[in-house]
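*Asks:* My questions will all concern the structure given below.
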Amino acid sequence: MTDIRANPSVSVNKLGQYLTATPALRKRIIHAQKHPVDPQYLRYPEAAQAIVEYLCGGRDEVILRYHQRRMLNAKPESDFDAHRLSLCAEALQHFLMAADELSLTNAVASPAGPEFPPMALSGVTINVRPELLLRSADRHGQMHSGLLKLYFSKHTPLNEQSGQYIATVLHLYAEEHLQQKGPVDHRLVRVFDVFAGKVYVAPKAQQRRLDNLALACEEIAACWDVN
């Protein structure tokens, strides 16, 4: 395990889950975010990197097939490593079957990069970490911008509410960081549940969701020291 986080902090994906969770699950989410696993035990970084390469590199299926074979033929260093590589290869297979759901035909994708910092809301640091920057020209030639966030969970798919909450945070984050790249278009702000093969687009009307997100962050901050 890594060091305990002293200050309230949550990933955007877990925040989306938190908004629709039972009280018991909310408590577990706070505890897990306060006591995060070591980065080496994260399950899907290779799958995310392969998908980013695919979406930015011509969207050739060969790219994903190559990474699948590489993962399946790798010599794992541990049982966990073997399981992680198997999950990543499975995630790529699910992505292959549902990639068209993203409908990015007219959008240009580029890696979001590490320069995007966390955002703060109601005393909580939210780690957004979008994978992709999306840009597209409207019929007048003006460039618009957006972000894509990948969600990986084999057994806990997003539902409509949690997906829309994550997309709402992503839209707020895009408004803070992308204005110099062109106005943010909510239709270019998307969350993709890889295993479920479902995309969630940021809603146009967001105020109620933003109010609920702020209240959830207040609750996380208030409960942080007792978890």
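*Asks:* Highest mean first, how do 166-173, 131-138, 11-18 rank when packing is the count of other Cβ atoms within 10 Å averaged over residues?
*Replies:* Ranking, from highest mean packing down: 166-173, 11-18, 131-138.
*Asks:* Which percent of the accessible area of the chain is formed by carbon and sulfur heavy atoms (probe 1.4 angstrom)?
*Replies:* 51
*Asks:* Suppose a student asked you for the relative contact order of the stretch 1-226, using Cα pairs under 8 Å spaced at least 6 residues apart; what percent would you report?
*Replies:* Contact order relative to length: 23 percent.
*Asks:* When DSSP assigns beta bridges and you keep just the ones with both residues in the stretch 1-226, what percent turn out antiparallel, to the nearest 5?
*Replies:* About 70 percent, rounded to the nearest 5.
*Asks:* Between THR156 and GLU61, what FRET efficiency follows from the Cβ-Cβ distance if R0 is 25 Å, with the result rounded to 0.05?
*Replies:* 0.35
*Asks:* Mean projection of the alpha-carbon convex hull of the stretch 1-99 over all orientations, in nm²?
*Replies:* Value for the stretch 1-99: 8.1 nm².
*Asks:* Placing one identical point scatterer on every Cα of the chain and ignoring solvent, what is log10 I(q)/I(0) from the Debye formula at q = 0.09, 0.17, 0.18 Å⁻¹?
*Replies:* Evaluating at q = 0.09, 0.17, 0.18 Å⁻¹ gives log10 I(q)/I(0) of -0.38, -1.31, -1.42.
*Asks:* Stretch ARG187-ALA6 to full length: gain in nm at 0.36 nm per residue minus the Cα-Cα span?
*Replies:* Result for the pair: 61.5 nm of gain on full extension.
*Asks:* Beyond 29 Å between alpha-carbons counts as too far, so tell me which of LYS34/LYS149; LYS75/LYS198; LYS34/LYS154; LYS149/LYS204; LYS27/LYS198 fall in that bin.
*Replies:* Violating the 29 Å Cα-Cα cut-off are LYS75/LYS198.
*Asks:* Which whole-number value in Å² is the accessible area per residue of the chain, probe 1.4 Å?
*Replies:* For the chain, the per-residue accessible area is 52 Å².
The values are calculated or read from the model by the stated rules, or taken from the named source; none is laboratory data. Keep in mind it's a predicted model, so treat the numbers as computed, not measured. Counting neighbours? That spans all protein chains shown, and the Cβs are built from the backbone with ideal geometry, glycine included. These accessible areas exclude ligands, DNA and RNA; they are computed on the full protein's heavy atoms, side chains included. Shrake-Rupley method; radii C 1.70, N 1.55, O 1.52, S 1.80 Å.
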